[in-house]
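Let me begin by presenting the structure, written as structure tokens, before commenting on it.
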Amino acid sequence: MASGMLIKGQWTKNRNDQDQNGKFHVKPTTFRDRVTSDGSSGFRAEAGRYHLYVSLACPWAHRTLIMRELKGLNHAISVSIADPILGDKGWSFSETSDSSNGVNHAQYLQEIYVKTDSQFTGRVTVPVLWDKQKQTIVNNESREIIRMLDVEFAELATQKRDLYPHELQQKVDDAIDAIYLPINVGVYRAGFATSQAAYEEAVTELFQHLDRWETLLSKQRYLCGDRLTEADICMFATLYRFDTVYYGHFKCNLRRILDYPNLWNYLKDLYQRPEFKVTCNLKDTKHSYYMSMTEINPNRIVPKGPIIDLDEGHDRDRFGNI
Ligand SMILES: N[C@@H](CCC(=O)N[C@@H](CS)C(=O)NCC(=O)O)C(=O)O
């Protein structure tokens with residue numbers, strides 16, 4: 001993805017995400033403050049104070065939307081959805097305007113970053129958690145945002161489920177770590193590789209890890225056992241896009257998720273829950289990837305297929321219905 005970046009607060013189109021060996025790297029995100037339930041961090045969890053900037057195409061942003069639904073935090077945290085296609089100036093809000101909900105009246109996401117730090121240097125990414133009170137970005141790292149929504153906003157949540165249960169915390173953190181580089185980033189490492197060797201390394205590792213989770217999911221319903229956790233949200237966002245986008249567009253084509261009985265049924269199981277389904281938009285996702293990333297799809301043709309049905313029955317109730 002080479003839409004551009006900010007350098008000292010100025011938008012530039014010069015950007016390179018690959019090293020000299022053609023390997024794609026993700027640079028760490030910059031805004032890492034935390035909302036806390038007691039306000040000790042300077043950001044207290046309060047209804048109406050925070051806003052999320054997301055794209056429906058983006059798997060990282062998707063995590064935050066799912067968590068917001070699962071916790072029943074829609075009343076507490078508002079959302080702006082970016083236009084599907086990542087343009088020359090990055091994510092924009094022309095169609096589903098940010099001004100319509102009166103938060104920042106921003107046309108481009110980059111304005112939010114510059115408002116927070118006029119000298120900002122880095123990629124302008126979704127998701128973003130914005131503090132309407134302090135007029136600043138709190139955090140732009142999905143893994144940390146979902147943890148805050150889950151744990152720190154718990155008192156505001158209308159759904160009292162805990163996706164980071166005490167007895168599973170280490171397991172959840174380990175699972176999120178374990179899937180991050182080979183799977184969540186792995187699809188991008190394959191898709192954005194600019195050398196054969198870098199591509200093959202990424203794709204081999206990706207499928208080795210999918211194979212391992214396939215085996216595990218033959219014995220248990222969820223990644224960390226018999227309870228839905230944050231780790232499942234992180235896995236879901238990648239699996240959901242796999243057969244439709246990553247298989248073709250990113251050449252992750254050793255197998256489809258459809259070819260893995262357990263991963264496929266696990267994906268359908270999660271997708272069919274209303275809190276997941278309402279956050280899903282495959283049409284926008286597909287258009288976004290195929291039309292934004294012109295360096296790997298220069299003619300911007302969006303494939304018609306594949307024909308897959310995430311609503312067909314699944315077999316995961318065999319593990320018990322939790
Ligand atoms: N590590 C970040 C990654 C976020 C990210 O890479 N988002 C992509 C969309 S999928 C983005 O906004 N890209 C814009 C760009 O790179 O210019 C997170 O998990 O929140």
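Readers should treat all values here as calculations from the given coordinates under stated rules, not as data from a laboratory. Treat the numbers as computed from the prediction; the structure is a model and nothing was measured. For neighbour counting, all protein chains shown are included, and Cβ atoms are generated from backbone atoms with ideal geometry for every residue, glycine included.
Brief remarks on what is shown
- Distance in nm between pseudo-label sites at S195 and V26 (7 Å out along the Cβ direction from Cα): 2.3 nm
- Treating r as the C-beta distance of S40 and S118 and R0 as 30 Å, the FRET efficiency rounds to 0.60.
- Bins of 10 Å, starting at 0 and running to the largest distance - Cα pair percent for the chain: 6, 26, 36, 25, 7, 0
- Residues whose amide H lies under 5 Å from that of S80, counting only those 5 or more places away or on a different chain, are L52, Y53, V54; hydrogens are built 1.01 Å from N in the peptide plane.
- Nearest-0.05 FRET efficiency for E312 and H166, computed from C-beta distance (R0 51 Å): 0.90
- Evaluating 6.51 cos²θ - 1.76 cosθ + 1.60 at θ = phi - 60° for every residue in segment 36-42, the Karplus couplings come out as 10, 5, 8, x, 4, 7, x Hz, glycine and proline recorded as x.
- Across the cross-link table entries K27/K268; K89/K132; K23/K89; K171/K286; K27/K304, which are compared at the Cα atoms, the separations over 26 Å belong to K27/K268; K171/K286; K27/K304.
- Placing a pseudo-label 7 Å from each Cα along the Cα-to-Cβ vector at H105 and V302 gives an inter-label distance of 3.2 nm.
- Label zone (T204, point 7 Å along Cα-to-C-beta; backbone nitrogen cut-off 18 Å) within segment 10-53: 21-24.
- A protection proxy built from the mean count of other Cβ atoms within 10 Å ranks the segments 83-91, 226-234, most packed first, as 226-234, 83-91.
- Residue-averaged [θ]222 nm for the chain, counting only DSSP H segments that reach four residues, each worth -39500 (n - 2.57): -9500 deg cm²/dmol
- Comparing mean-square fluctuations of I308, I145, I137 from a GNM of the chain with C-alpha springs under 10 Å, the top value falls on I308.
- Estimated inter-spin distance, D88 and S218, nm [label 7 Å along Cα→Cβ]: 5.3 nm
- Between the amide H of T136 and those of D131, distances stay under 5 Å, these residues lying 5 or more places away or on another chain, with hydrogens modeled in the peptide plane.
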